[in-house]
Amino acid sequence: FGRPLKSVFITFPGDIIRNTTDREFADSYLERFGYLSVQKRSGLQSATSTSKALKRLQRNLGLEETGQLDEATIEAMKQPRCGVPDVRN
Amino acid sequence: YQTFEGDLKWDHTDITYRILNYSPDMEASLIDDAFARAFKVWSDVTPLTFTRLYDGTADIMVSFGKADHGDPYPFDGKDGLLAHAYPPGEGMQGDAHFDDDEFWTLGTGPAVKTRYGNAEGAMCNFPFIFEGKSYSSCTTEGRTDNLPWCATTANYDKDKKFGFCPSELLYTIGGNSDGEPCVFPFVFLGETYNGCTTDGRSDGYRWCATTSSFDSDKKFGFCPSRDTAVIGGNSEGEPCHFPFKFMDETYHSCTSDGRNDGKLWCATTDDYDDDKKWGFCPDQGYSLFLVAAHEFGHALGLEHSNIREALMFPMYKYVKDFSLHSDDVEGIQYLYGSRQKPDPIPPQPTTTIVSPVTDEETLEPTSTPTPPPVTTVPIHPSSDACQVDKFDCITEIKGELHLFKDGQYWRMSSERDGDIQGPYRISERWPALPDTIDAAFEDLLTKKIYFFSGRRFWVYTGPNVLGPRSLEKLGFKSNVERIEGALPRTKGKVLLFSGENYWRLDVKAQLVDRGYPRYIDLAFGGVPVDAHDVFLHKGNIYFCRDRFYWRMNSRRQVDRVGYLKYDVLKCP
C-alpha cells in the first residue's frame, strides 16, 4: 500500500525469452505448433488464416472460439507445455 | 486421442530405454525412479515392457538439454516448452528430451533426497524445526563445515533425524570422477576457481574439478543444484542474495519487478544494478514423472489429445494422484492392444511349519535336526523354471545356481548353462525354512548356508539348523524389512542388500561392519537400486529386477543387461 507498481521492464542478461508483443508471440506459437504452417506454405497467411488458426487452437484448448487473440487465449498460450506440435503437418 | 500419421508404432513390445544424462535438480535415483514410473504408466495397460540399457543404442534415448541441444527444436529457457519427444522409429525417432532450464521436481517444490546423516537417505521434510526456528530449505546452520543439511521429519529438535542435502561439497554428477566432491580452489586454464563454473562449456552446465588442478589432472564432475539455488538467468546454482538493490530499491525477497511475465527473480549479489547477476527463484517446479509419462506417450506413438484431463493434452498440469485417463488408455491400446493378464492360479494351501525358535548367542548348531514337518504344498504340475518371471531368491550353493520360488527350488549347474533340475520342495531339503526365501548365501569357509526370509534368518550346517533368529542379531536396525540379495566376498565377508542400501556382514563375528549401510548406487553404479535378487555367478554380480538382469563384471562395470531366462537359464 503506497508503493506504486513498477511498470518498467528491463532486459535481463542471459534471459532466453525475448520481450515480444502478444501478436508476435501468438504468430510464432501458432506456427510452431502447426496451426498456421499449412496456410503459410501456400502463401495465404492473412488475418483470415490467423483467425482460423486461432479458432482451431481455441477449440483444442477448450476455449471460446472467437478467432480473436483475446486475453484468455494469450494466457493459455503462455502456459507451460510440450513442444510437440498439436496439428499434424 | 490421436496417433501419428500412418499409426507409427514400435514393431516389438520389449522396448528399451537409456538415460543419457541427469538434471542437477534432483538426485539421480529420483530421476531414475520418475522415468521408471513414467514407463510403467504405459506398461500397466499394454503388453509393452521397458528395459533400461546402460550403453549402446536403446529404442528411447532420454536426455536433458538446454536451448540448442542438438536437434532442430531448441528449448526456450525456463517455463514455456518443457520437453519434446519423437514418434517411434530409428535414430532420433523415439527419443525424449527434457529442458534443463526448467526446475525439475516431483511437482511440489524441491525434491531433496538426503545422503549420509542418520535418516538412511530419506527426503527432506520442509519446513522443519531446528533449535526452535523453522526452515523451509536446507541450511548450514549448526555446522562449521558449510555442508547444507535438513531434517527428515518435521522437528529435528524432537526426532534428531537428519541427512545432508545435495551440494558440490558432498558429491558431483557424471564427469569422470565417480561422484567425488569438488575441490576448491581448483585451477582451470591457469585461472583459480572457488566455486562451480560454467566456463569452458557451451551447454550452461555447472562443473568443478575434483582435484586442485583440472589442467594437470583433468578430473571433473557436474555440480548438483542446491535447493536454494536460483534457476536459469546468468547465475545458475548461486543462492539469492537478500537484501539486494534493483533500480535503487532494496528487496528482501524475490520479486517480479522489471519483468512483464510475472516470474519471480532475485539478484545473487547485493546489487543487481552494478553486477547484473540474477536468476529465477525456486518454485514448485515441474513433475518429471508427469512430463516424462506424457513424452513417453509420444515416443510410443500418441499425438496430443484435446481432452483436457488426458495425459496427452499438451499443457502441463500438476496432478497429485495420477491415473491414466480412458482417452490415453484407448489411444495406446489402439496401437498395441491391452495387457494380457496372467492366467489365474488357484490359491495354494498354506504350509504350517513348526521350527524351533532359538535365541542362542552362538550360531554353532546345538540341537539335533528336527524331523521334517508335514507340508501340504504340492508342486504345481506346470512348475517349470522357464515359466517363472521373478524368483524369490537366486544364489550359488555348492557350485550350483539355486533358484527359489514359492516353496520350490531349482538347481542349475554352473558348469553347464541351461541344465536345470527340479523343482524340489524346499521343505524336503531344509525343513525349517518358510516357503518364501528372500536371500541366501553359502559361507565358503564353513560351508554353512544362511537363509533370509522377512526379518528372520536360519543357518544350516548340513542337516542341522539354527533359527529362526531376528535380523537384529546381526546388527540390522528394526526398519530393515528383508534382505533381498547376498554377495559373498573374500575374507569371510558377505554383502547383504536391502532397498537402496547394502551392509557388509562379518560372518565370523556375526555382525554387520561399522560404516554401513551404504548406498548401492554409490558402489554399484548403473544397476537398479530396487533389485529383488543379487547374486554371484561365474565371477559376475547379477542384479535382477522382474525378468531382467544387470550383469556387473569384476571391474564393477555393467557389461550386459538381458533376460534371466534366456541368457542365464538358457530357456528355449
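Read the figures in this text as sums done on the coordinates, not as results from a lab. The structure displayed is predicted, hence computed values, not measured ones. For neighbour counting, all protein chains shown are included, and Cβ atoms are generated from backbone atoms with ideal geometry for every residue, glycine included.
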For this session: Please report, in cubic angstrom per residue, the volume enclosed by the convex hull of the alpha-carbon atoms of the stretch B:421-503.
Result: 110
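Among the DSSP beta bridges whose two residues both lie in chain B, what percent are antiparallel, rounded to the nearest 5? Don't skip to the answer; put the middle values down first.
Working: 89 of 106 bridges.
If I count the DSSP bridges inside chain B, around 85 percent turn out antiparallel.
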Exercise. Mind listing which GluC sites (Glu not before Pro) in the stretch B:39-132 are in a DSSP loop and have 15 or fewer other Cβ atoms within 10 Å?
Worked result: B:90, B:131
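Over all distinct Cα pairs, what is the inverse of the mean 1/r for the stretch B:476-519, reported as the Kirkwood hydrodynamic radius in Å?
Details: mean 1/r = 0.0953 Å⁻¹.
Roughly 10.5 Å, rounded to one decimal.
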Problem set entry | Between helix B:288-300 and chain B: long-axis angle, C-alpha atoms, 0 to 90°, nearest 10 | 80
For this session: Among the lysines, select those whose C-alpha is under 17 Å from the C-alpha of residue B:277, and discard any that sit fewer than 8 residues away in the same chain.
Result: B:78, B:245, B:263
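Can you tell me what the convex hull of the Cα atoms of the protein assembly as shown projects to on average, as an area in nm²?
Working: hull surface 142.9 nm².
Its average projected convex-hull area is 35.7 nm².
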Exercise. Each label point is 7 Å from the Cα along the Cα-to-Cβ direction; what then is the distance between the points at residue B:108 and residue B:330, in nm?
Worked result: 3.2
For this session: Search the structure for amide H atoms under 5 Å from the amide H of residue B:511, placed 1.01 Å from N in the peptide plane, and list their residues when 5 or more places away or on another chain.
Result: B:506
Exercise. If r is the Cβ-Cβ distance from residue B:116 to residue B:201 and R0 is 30 Å, what FRET efficiency results, to the nearest 0.05?
Worked result: 0.55
Problem set entry | Segment residue B:92-residue B:323, extension gain: residue separation times 0.36 nm, minus the distance between their alpha carbons | 80.3 nm
Seminar exercise, completed: Calculated from DSSP helices alone, with each H run of at least 4 adding -39500 (n - 2.57) and the total divided by the residues of chain B, [θ]222 nm to the nearest 500 comes to -2500 deg cm²/dmol
For this session: Tabulate in residue order the Karplus-calculated ³J(HN,Hα) for the stretch B:54-67, using 6.51 cos²θ - 1.76 cosθ + 1.60 with θ = phi - 60°, rounded to whole Hz; enter x for Gly and Pro.
Result: 10, 8, x, 9, 9, 4, 10, 9, 10, 8, 9, x, 10, 6
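For each pair in B:158/B:320; B:405/B:491; A:78/B:133; B:405/B:447, compute the distance between the two Cα atoms and list the pairs where it is over 27 Å.
B:158/B:320; B:405/B:491; A:78/B:133
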Exercise. Expressed in nm to one decimal, what extension gain is obtained for the pair residue B:273 and residue B:472 from 0.36 nm per residue of sequence separation less their Cα-Cα distance?
Worked result: 65.6 nm
Problem set entry | Cα-centred dipole magnitude for the stretch B:1-101, charges only on beta-carbon of K, R (+1) and D, E (-1), debye, nearest 20 | 240
Exercise. Taking every pair of alpha-carbon atoms in the stretch B:177-230, what share in percent sits in each 10 Å bin, from 0 to the bin with the longest distance?
Worked result: 27, 56, 16, 1
Exercise. Using a basic spin-label model with each label point 7 Å from the Cα along Cα→Cβ, how many nm lie between residue B:555 and residue B:315?
Worked result: 5.3
For this session: May I ask you to evaluate 6.51 cos²θ - 1.76 cosθ + 1.60, the Karplus curve with θ = phi - 60°, for each residue of the stretch B:203-219 and list the ³J(HN,Hα) values in order in whole Hz, giving x for glycine and proline?
Result: 9, x, 7, 8, 9, 8, 8, 9, 10, 6, 9, 5, 4, 8, 9, 6, 9
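If you average 1/r across every pair of different Cα atoms in chain B and take the reciprocal, what Kirkwood value do you get, in Å?
Values: mean 1/r = 0.0377 Å⁻¹.
Computed over chain B, the radius equals 26.6 Å.
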For this session: Can you tell me the 0 to 90 degree angle between the C-alpha axis of helix B:326-336 and the longest principal axis of chain B, rounded to 10?
Result: 60
Seminar exercise, completed: Among B:463, B:423, B:437, the residue whose Cα sits farthest towards the positive end of the charge dipole of the stretch B:395-489 (+1 at Cβ of Lys and Arg, -1 at Cβ of Asp and Glu, taken about the Cα centre) is B:463
